[in-house]
Amino acid sequence: MTSDSSTTETVAAEGLSRRSLLRTGGLTLGIGAFLSACAADFGGDTAAGRVGLAGRPAELPEGTLNDTAIIRTMQSLEHSIVALLSELKSSGNYSPAQTTYIDRFSADHVAAASTLGEHAIAAGSSSYDCENVWVRDRYLNPVISAISNSDNAARDTRLATHAFESILAHSYQHLVTHATTPSLRRALMELGAHASRRSALLAVQSSRETYGYLGASANADVPETDADGFPIPYAIPAPFGQVGQIQLIVGAPDADGARYSTALQTPAENTFVYDYMSC
Amino acid sequence: MTTTRVDPLHNPTADVRRRVLAGGAAALAFGALGGSRVSAAGMGTADSTVLRFAQQLELSLRDLYEQAMDVDPSEPLWSAMSEHHEAYAHAIAGVTGTSASGRNDEFFGAHRVAIRSADRISAAYELESAAAATHLEVIGMLTDVGAAEVIASIISAESRHCVVLADVMGKGNDLSYTLENSATAVGQ
């Protein structure tokens, strides 16, 4: 019976190496899962495991959108526009007549920033005497860069100035809904009214002769963009003051004929200057 | 061809259709502001009183610009201004839950002659400046956020009106006219 015994041993060895391993492995996993489910909670860190010796990332404080954050945010935007106007003026793209306006606008923005700083201090916070970092990175730098390479820098400078004055007006009006006191709402709209006037003045100067004063929301007969696709600034774009985004197109066309385009927006989480932030 | 127009003083039901349309436009335009907090619920008496005053001022301005349309029908700004101020009155009505009716007769009577005069553009500039200054006072008194949102949008718009009227006056390059508001608020 030597041959039968040899066959039985071979089969047994093959069964052990495949079937038994699968059966044993499955049983082990099952028992492990069962015991884990029945185990007591021993506490400890439940975060994902870490590999290496790198330090833990610094966590930002939790920002709260309160009245002082609103004030400091608008103060930062005023500083941002002062910086923008200064850089655009340095590029020499304003006409002499426009430079008169821009000098006055800059002085008004500096005064507004100072007023807001006083409000911030009076409300128990500190004055924020610098630009809004997010606005600089997201809007100012790309817009200034696009204008510097534009096929018509004077046109783009005019459009950009109007767009930023307009979004400043929108921002003041928008933040009224977040302010908690009537006195702050009044203070915001006092400055917001000035921003609306600057925006309207620029629109009058650039569009009145060709397109009139009333925008498409107030006069269905007028176009929203000119023949080249640039948004037309209107002194009265709509019957009510607006809080929406402002489309800005500047720069030279690329190989496909497309220019740099961005949508300026009113302050949101990324733009707010919370109390814990400093210059 | 001579264009004639019925004086709204003697025919208060004139242009009802246009007013209804303007009211609808106001609702649509204000909807674009995302006015989710606009509600008539919970409005205090003090807020209601202040808003009623603001609404009457807006209805007075609507009627004053209709007077300007009456003597100067070729100028499209008058109809636009009249419609805008009616829209503001409707927007305020949407907050207070009251109907947009009843102007401030004293204010209307004090400015009717000026707005019908040859110097009507200058009169309109003064009216818009006074209205914007008044609404600044109003927003400083309101506790209701939804109401403040409406008034803020009116302040922005009337500030723009001032710049346009300054330009029509030929003072578009005068930065004190276009950028500053030296008017005092209308007394309550």
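Among the residues of B:146-154, the average count of other protein chain beta-carbon atoms within 10 Å of the residue beta-carbon is 6. As a proxy for reagent exposure, A:VAL51, A:VAL133, A:VAL273, B:VAL113 were ordered by neighbouring Cβ count within 10 angstrom, fewest first; the result is A:VAL51, B:VAL113, A:VAL133, A:VAL273. Once every Cα of region A:115-158 carries one equal point scatterer and solvent is ignored, give the base-10 log of I(q)/I(0) from the Debye formula at q = 0.13 Å⁻¹, two decimals. Calculated log10 I(q)/I(0) at the listed q: -0.48. About its Cα centre, the dipole of region A:67-264 is roughly 400 debye, where the only charges are +1 on Lys and Arg Cβ and -1 on Asp and Glu Cβ.
Taking 1.306 mPa s as the viscosity and 10 °C as the temperature, the Stokes-Einstein diffusion coefficient of region A:123-216 based on its alpha-carbon Kirkwood radius rounds to 103 µm²/s.
For A:GLY63, neighbours were defined as the other residues whose beta-carbon sits under 14 Å from its Cβ, and their charges (Lys and Arg +1, Asp and Glu -1) total -4. Across region A:67-264, the mean sequence separation of Cα contacts (distance under 8 Å, 6 or more residues apart), normalised by length, yields a relative contact order of 22 percent.
With the Kirkwood sum run over all distinct C-alpha pairs, region A:124-279 has a hydrodynamic radius of 16.9 Å. Among B:ASP72, A:ASP151, A:ASP221, sorting on how many other beta-carbon atoms sit within 10 Å of each Cβ, with the fewest leading, yields A:ASP221, A:ASP151, B:ASP72. Here the residues A:MET189, B:MET69, ranked from fewest to most Cβ neighbours within 10 Å of their Cβ, fall in the order B:MET69, A:MET189. Taking K and R as +1 and D and E as -1, what net charge do the other residues with C-beta under 11 Å from the C-beta of A:ASP228 add up to? Here the charged neighbours net out to 0.
Working from the Cα coordinates of region B:44-178, the gyration tensor eigenvalues give, after taking √(5λ), semi-axes of 25, 17, 12 Å in decreasing order.
Only the coordinates and a few stated rules stand behind these numbers; no lab work does. Predicted model only: the values in this text are computed from it and were never measured. Every residue, glycine as well, gets a Cβ built from its backbone with ideal geometry; the counts of neighbours run over all protein chains shown.
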